[in-house]
Amino acid sequence: MDRRTLPLVVALLLAVCSPRPTSLAETVHCDLQPVDAEVTYITSQVSKGCVAQVPNATLEVHILFLESSREVSELELTIQKSKQNDSRPREVLLVLSANKNMLLRLQAPGIPLNLAFNPKLIFQGHPGVNTTQLPPFTTQKQFLDWAEAKGPIASIAELNDPQSILLRLDQAQRVPSSCNLEPLTDMGHTLEWSPLTRASVRGCRLEGVPGHKEAHIVRVLPGTEAGPRTVTVKVELRCASGDPDAVLILQGPSYVSWLIDANHNMQIWTTGEYSFKIFPEKNIRGFVLPDTPQGLLGEARRLNASMVASFVELPLASVVSLQAHSCGGGPQTSPPPVRTTPPKESCNQELLLSLIQPNCSKDVMTVVLKKDLISTLRCTITSLTFSDPSCQAEDRDDQFVLRSTYSNCGMKVTENVVRNEVVVNLLSSSSSQWKVHCINMESLSFQLGLYLSPHFLQVSHTIELGQQGFVQVSMSPSIPELMLQLDSCHLDLGPDTDTVELIQSQTTKGSCVSLLSPGPGGDVRFSFLLRGYMVPTPTTGTLSCTIALRSRSLSPDTHRTVSTRLNIVSPGLPDKGLVLPAVLGITFGAFLIGALLTAALWYIYSHTPWRSTRPGDLGAPQPALAQQERLSSHQLGTTGHELIPGPQPLHSTKDGPCPLRPPLLPPSQRPAASGGTSLEHLGVPPPHPTEPSNPVGPDYSCPGPWRERPLPYKSTLL
């Protein structure tokens, strides 16, 4: 047998042969005090949190609220991609909120990640990660609203003093489709974390028990969700005299089993079932133990322990690590081994350089480094300069300040950008250079325009209620390194009317506002629909937008506000300045049209060849039509009345002569309808062979008087 397995085999035999106590816990006199032992743990329990399923989303959002009790802390964040066979992993937006300064060590291999955080509080030195600066939120709800507008939220967790976080992107099972914050939540497989603050470990000596046997007690409290789980317990006892005389007592909920990994043989006393790391499939049934601290102390006494070397209570954890510096079995014959050359933690230069963020204003570039951040990174700075070594940083009480005008210290000034280098000399290594840049805001101009079509061709200063407006904010000249982003937009209608919020914290307000794709030059665009309830009366207003100039390679974000005046009118009403010209134009146009119509009617009247008739001819029968049958209007293709063929009497009106309406025939004189419609059936001789055929009515084929034909015609009913 391998000698390395011997201690675990002995521990297994001790566990199987351990006697079972037969009496209930009694009062034990034990004054628990802090001891020199260290317990760390990994848990999925959070003070607030939730997990949701977002199976069909192309972007999933995770939110971490990081509460720290220290002014500066360091966080190790690992994001583990899904184990599902996705040919194209979905994008991840991780939103970080911190209340204190935090240095971030990020590991997210193979994950299309975008980090959103406040760079004034969170510092991360990974230039390959896309970052977004969060707006200045003041409440947790603002964070949630902003994140929810970006995509479906897969998880939210609030953590107190985290030291390390593991976030898994696998889709959680049996969870709701929406994420609603709940207190004291178990994040399950999605998130595990380790707190920065160590667990409170206490110990005491049990009165009246002889010997040197020690007890190590770990009590795991119930979680919010009861379900089978395994807690891995790692025990490291630093003993120089062989295996100690010790017992490990593990107490937890009935659904918890234990996987023990110990570097020494010891007696095992647990609830539920347990196994050893070397024999993980061999489960040993445990015992029913008291679930109170006093009862567990009594259990240790009945197991003949003379002292409690460590006692700790923990939330439901997945991994517990116990390190004890003392050993049972009496006084040590020799002091425990001490490392003579402990490894010295080196300065994290990558994070240190990421803290160098210039601030530019009034032709001056300033770089500030806080000393507490430097010490947290275990760095010792001997000098801090620009590229010109004569420009040294000023050592103030709690910070280093490096400052210079644009005309000194090796500044390289172009039309729009000011560039330089910051040289950091460290005690433990050679110097490091960090390029810094600033935008020369004096040379930039910003424009805000309202358009009435999505083609953005012509600027308008007037918009109707119910009309869709398209807004574009542009910058000139365009800088490739710089990106514009809309932070907020609103419409100010004066002191007597509420402001219409269009965009807040980079998020649209309501369904009437939509963010559009950027323009060809990086111009930011959005559209809005102005409803009547938003603006009660036609008025004038001021459209204002605040934009952020952002870039990963340049100085911190710079904000600018641009605005334009708008005339807001009711639908169908022109602009107030156009009312008089419109009225005059309409009046003149009506007068001109009337004059043209009058001239046209007079021309027609004066050039029409009216044929005179004798009174005796009125109503006289025409020889060619003597035998013509009376036809119904249906047979002639007319509507409304039957017509009497032949010339009609004329009467005079104020508009000139016009034919009288022909009289109607009585029903008794109306002939029956016939199916024939040819000229012979009508009693009309066919046209002369040399004369062109014309079916019915006057001949308009040539100018001059109408040619008269002995054909019936349709009269216009007056």
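The values are calculated or read from the model by the stated rules, or taken from the named source; none is laboratory data. Not measured: the values here are computed from a predicted model. Every residue, glycine as well, gets a Cβ built from its backbone with ideal geometry; the counts of neighbours run over all protein chains shown. When the accessible area is computed, the model is the full protein with side chains, heavy atoms only, and any ligands, DNA or RNA have been set aside. Shrake-Rupley method; radii C 1.70, N 1.55, O 1.52, S 1.80 Å.
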>> If I compute solvent accessible area with a 1.4 Å probe over the protein chains, what percent of it on the range 445-569 is carbon and sulfur?
In response: 49
>> With θ taken as phi - 60° and the coefficients 6.51, -1.76 and 1.60, list the Karplus ³J(HN,Hα) couplings across the range 92-108 in order, rounded to whole Hz; mark glycine and proline as x.
In response: 10, 10, 10, 9, 10, 10, 10, 9, 9, 5, 9, 9, 9, 9, 10, 10, 8
>> What distance in nm separates the two pseudo spin-label positions at Asn440 and Ser82, each 7 Å out from Cα along the beta-carbon direction?
In response: 4.9
> What base-10 log of the normalised intensity I(q)/I(0) is obtained for the range 241-297 from the Debye formula, alpha carbons as equal point scatterers, at q = 0.24, 0.29 Å⁻¹?
Replying inline: -1.01, -1.22
> Quick one: Debye curve from the C-alpha atoms of the range 452-544, no solvent, what's log10 I(q)/I(0) at q = 0.14, 0.16 Å⁻¹?
Replying inline: -0.53, -0.69
> Quick one: with all protein chains in place, what share of the accessible area of the range 46-185 is carbon or sulfur, to the nearest percent (1.4 Å probe)?
Replying inline: 48
> For the range 445-569, what is the accessible area per residue in Å² when the probe is 1.4 Å?
Replying inline: 47
> Stokes-Einstein D for the range 213-259 at 10 °C, 1.306 mPa s, Kirkwood Rh over Cα pairs, in µm²/s?
Replying inline: 127
> In square angstrom, what is the accessible area per residue of the range 46-185 with a 1.4 angstrom probe?
Replying inline: 48
> In a Debye calculation with equal point scatterers on the alpha-carbon sites of the range 46-185 and no solvent, what is log10 I(q)/I(0) at q = 0.16 Å⁻¹?
Replying inline: -0.83
> How big, in percent, is the set of alpha carbon pairs in the range 202-324 lying more than 23 Å apart?
Replying inline: 26
> So what are the three principal axis dimensions of the range 107-219 from its Cα atoms, in whole Å, longest to shortest?
Replying inline: 66, 36, 33
> Of all accessible surface on the range 349-439 at a 1.4 Å probe, what whole percent is carbon and sulfur?
Replying inline: 45
>> At 10 °C and a viscosity of 1.306 mPa s, what translational diffusion coefficient does Stokes-Einstein give for the range 378-521, taking Rh as the Kirkwood radius over Cα pairs? Give it in µm²/s as a whole number.
In response: 80
>> Between Ser432 and Glu281, what is 0.36 nm times their sequence separation minus the Cα-Cα distance? Round to one decimal in nm.
In response: 49.0 nm
> Could you state the per residue volume, in Å³, of the convex hull enclosing the Cα atoms of the range 349-439?
Replying inline: 87
>> Please give me, ordered by residue number, the trypsin sites (Lys or Arg not before Pro) of the range 338-419 that lie in loop per DSSP and have at most 14 other Cβ atoms within 10 Å.
In response: Arg339, Lys344, Lys362, Arg378, Arg396
